[in-house]
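Remarks on the structure that follows.
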Amino acid sequence: MGSFVPPKKKIMLRPAWPDEGPVLSSIAMKSKAHWGYDDVFMESCRDTLTVTRARIGRERIRVIEVNGVVAGFSSMNALPSKASVEDLFVLPEFIGSGIGHLLINDLLHHALRHGIRLLHVESDPNATAFYARQGFTHCGEVASQSIPERKLPLMEIRF
């Protein structure tokens, strides 16, 4: 009798489709809520976490599928020499599986290929350790777009 071989995960990284805004918005909300934020906080974030058709057309949004399930996504705004990570969200059941690392690696490689030498991210406080493991350093604070008087860690990576 042979030994058990677990099935391999089929992972696909691709551009977001124009009609995927609702799915991506739902992932963003679930991922953010994973950190224990209350309903009032989450409702305050809804507009910021909503991915619209216009954003899909304007930003570089990449989706990662695991065995046909949309497991997460990232988005980036780029200028000639610098860029900002706008979103990087993973469904809670995939957090810690390496999906976030694949998404950030995709962003970093895209930046390098296009001559971008500085990448910023306004990090959720719960995500700073993740970004630090990816090579980002803390460089300041910025005001939250969703919660008045809340400050977010600003992180960067230089190439």
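The values are calculated or read from the model by the stated rules, or taken from the named source; none is laboratory data. Bear in mind that the values here come from a model prediction, so they are computed numbers and not experimental data. Note that each Cβ is placed from the backbone with ideal geometry, even for glycine, and that neighbours are counted across all protein chains shown. To get the accessible areas, we keep the full protein, side chains included, count just its heavy atoms, and leave off ligands, DNA and RNA. Shrake-Rupley method; radii C 1.70, N 1.55, O 1.52, S 1.80 Å.
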*Conditions (1) in a strand (DSSP E or B); (2) surrounded by 18 or more Cβ atoms within 10 Å (Cβ to Cβ): number failed by I104*: (1)
*asked:* Given the condition surrounded by fewer than 16 Cβ atoms within 10 Å (Cβ to Cβ), closer than 25 Å to M12 by Cβ, of a type in the set (A, V, I, L, M) and at pLDDT below 95, answer yes or no: does some residue in the range 132-149 qualify?
replied: no
_Scope the range 47-93; condition aliphatic (A, V, I, L, M) and outside any strand (DSSP E or B); matching residues_ = L49, V51, A54, I56, L79, L91
*Check off (1) at pLDDT below 95; (2) of a type in the set (S, T, Y); (3) open to solvent by less than 80 Å² (accessible area, probe 1.4 Å) for S3 and give me the number that stays unchecked.*
(3)
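Out of R60, R46, report the one residue that is of a type in the set (K, R), closer than 23 Å to S146 by Cβ, at pLDDT 95 or above and in contact with a Pro (Cβ under 9 Å, 6 or more places away or on another chain). Spell out how you get there, then give the answer.
Details: R46 fails: in contact with a Pro (Cβ under 9 Å, 6 or more places away or on another chain).
Of the residues listed, the single one that is of a type in the set (K, R), closer than 23 Å to S146 by Cβ, at pLDDT 95 or above and in contact with a Pro (Cβ under 9 Å, 6 or more places away or on another chain) is R60.
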